[in-house]
1. Can you pull out every residue in the range 179-201 that is outside any strand (DSSP E or B) and under 26 Å from the mean Cα position of the chain (by Cα)?
2. For the range 231-242, give me the residue count where each residue is outside any strand (DSSP E or B), surrounded by fewer than 24 Cβ atoms within 10 Å (Cβ to Cβ) and within 23 Å of the chain's Cα centre (by Cα).
3. Given the criterion at pLDDT 95 or above and not in a strand (DSSP E or B), identify the matching residue among Ala272, Ala288, Ala295.
4. Identify, from the list Gly220, Gly228, Gly249, the residue that is buried (at least 18 other Cβ atoms within 10 Å of the Cβ) and more than 21 Å from the chain's Cα centre (by Cα).
5. Hydrophobic (A, V, I, L, M, F, W, C), in the same structural domain as Gly163 (by TED's automatic domain parsing) and touching a Gly at 6+ places or on another chain (Cβ under 7 Å): which single residue out of Leu274, Leu230 fits that description?
6. Restricted to the range 176-217, and to residues that are surrounded by 14 or more Cβ atoms within 10 Å (Cβ to Cβ) and of a type in the set (Ser, Thr, Tyr), which residue is farthest from Val246 (Cα to Cα)?
7. Is there a residue in the range 154-165 that is in a loop (DSSP other than H, G, I, E, B), under 19 Å from the mean Cα position of the chain (by Cα), assigned by TED's automatic domain parsing to the domain that holds Val62 and within 30 Å of Gly58 (Cβ to Cβ)?
8. Which of the residues spanning the range 79-110 are assigned to a loop (DSSP other than H, G, I, E, B) and either within 20 Å of Trp298 (Cβ to Cβ) or among the hydroxyl-bearing types (Ser, Thr, Tyr) (or both)?
Amino acid sequence: MTDARARTSAGRGHPRRRSAQTRRWDHWRWAVAGLAAVAVLVALVASGGGDGAGGSSGTSTVGFVGGDLHSLVVDPAIPGRLFVGGHRAGSVSTDGGRTWRRVGSLDDADAMGWAFTADAVWVSGHPGLSRSGDGGRTFARSNDGLPDTDVHALGAGANALYGASPRAGVFVSADGGRSWTTRAERAGQAFFGRILVDPADGQHLVAADARSGPVESTDGGRSWRPLGGLRAATWVSWAGPQRVLVASGPEGAATSSDGGRSWRPLELPSGATLVEGRDSDADLLYAAAPRGDSAEVWVSRDGGRVWARP
């Protein structure tokens with residue numbers, strides 16, 4: 001009886017000690033659980049998600065565009081800031097393309113054309129124009145006075161905004177987008193991306209034409225002529241103070257240092273379709289390629305001879 005009572009008392013009042021092996025297994029299970037939680041967090045951040053609405057909470061090494069890469073543009077006022085846009089979304093990088101954050105207010109904006117003015121950043125697409133008055137952090141629709149809301153190309157000079165549409169041709173606004181005037185009904189139907197406006201001559205424009213390659217106007221968009229270089233183009237940019245012209249599209253890219261009279265082919269990273277230059281540095285170029293729902297961006301610091309991920 002004494003032994004039985006002792007065993008019962010010991011079983012009720014003093015729980016059995018766990019073995020050292022059991023404790024080691026518990027520590028291992030907790031470590032595995034912690035690693036799994038970290039992996040889930042990393043996956044959320046890499047996808048650019050985390051807020052359920054595709055807003056601005058996550059960063060990634062690629063820019064989310066939702067498929068159909070349309071645009072790659074450098075902010076002329078802020079070194080190191082880039083935007084990429086596609087059919088369903090747009091993303092921004094503030095560190096030269098190393099990391100990207102989705103801009104929630106560009107969801108479904110179909111970001112094709114871009115324009116930067118003294119007081120706003122403009123984006124064009126199938127639903128019309130989106131305008132940002134806070135430096136590109138948030139955008140809101142701004143379609144007042146547009147002759148057509150399907151705006152495939154957009155650009156800005158010191159005194160005017162230019163747009164182009166498959167149905168309405170080329171049109172211009174001289175009052176900051178409050179009203180628009182048609183310049184050429186029979187031109188601009190195949191324009192795509194950004195319209196360049198010469199800072200030294202507001203009547204001199206360059207656009208990317210998906211049927212004719214880069215094209216030029218010297219009368220403010222009333223008439224246009226092809227410049228050669230590519231049979232089809234979906235983006236044009238200028239690189240450096242000398243305004244080296246860079247044209248790019250699905251068939252590749254080419255550069256011209258004499259206003260389009262002669263061209264040099266530009267070798268691109270695999271799959272890249274868009275090339276963007278920066279006004280202040282002729283050697284600094286960016287290229288982007290569609291990768292599923294995202295845009296993968298490279299940088300060249302020697303005028304396109306060598307490309308690397310940022």
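The values are calculated or read from the model by the stated rules, or taken from the named source; none is laboratory data. Here the structure is a predicted model, which means the values were calculated and not measured. FYI the Cβ positions are ideal-geometry reconstructions off the backbone, even for glycines, and counts take in every protein chain you see.
1. Residues of the range 179-201 that are outside any strand (DSSP E or B), as a first pass: 179-180, 185-190, 192, 195, 198-201.
Across the range 179-201, the qualifying residues are Gly188, Gln189, Ala190, Phe192, Ile195, Asp198, Pro199.
2. Within the range 231-242, the subset outside any strand (DSSP E or B) is 231-234, 240-242.
From the residues that got through so far, the ones that are surrounded by fewer than 24 Cβ atoms within 10 Å (Cβ to Cβ) too are 231-232, 240-242.
Keeping just the survivors that are within 23 Å of the chain's Cα centre (by Cα) gives 232, 240.
Matching residues across the range 231-242 total 2.
3. On the way: Ala288 fails: not in a strand (DSSP E or B); Ala295 fails: not in a strand (DSSP E or B).
Every option except Ala272 fails the conditions.
4. On the way: Gly228 fails: buried (at least 18 other Cβ atoms within 10 Å of the Cβ); Gly249 fails: more than 21 Å from the chain's Cα centre (by Cα).
Answer to the selection: Gly220.
5. Values: Leu274 fails: touching a Gly at 6+ places or on another chain (Cβ under 7 Å).
Selected residue: Leu230, the only one of Leu274, Leu230 that is hydrophobic (A, V, I, L, M, F, W, C), in the same structural domain as Gly163 (by TED's automatic domain parsing) and touching a Gly at 6+ places or on another chain (Cβ under 7 Å).
6. Here the residue is Thr182.
7. To start, the set of residues in the range 154-165 that are in a loop (DSSP other than H, G, I, E, B) comprises 157-160.
With the extra rule that they be under 19 Å from the mean Cα position of the chain (by Cα), the set shrinks to none.
Taking every residue of the range 154-165 in turn, none turns out to be in a loop (DSSP other than H, G, I, E, B), under 19 Å from the mean Cα position of the chain (by Cα), assigned by TED's automatic domain parsing to the domain that holds Val62 and within 30 Å of Gly58 (Cβ to Cβ).
8. First, the residues of the range 79-110 that are assigned to a loop (DSSP other than H, G, I, E, B): 79-81, 86-89, 94-99, 103, 107-110.
Within the range 79-110, Pro79, Gly80, Arg81, Gly86, Thr94, Asp95, Gly96, Gly97, Arg98, Thr99 qualify.
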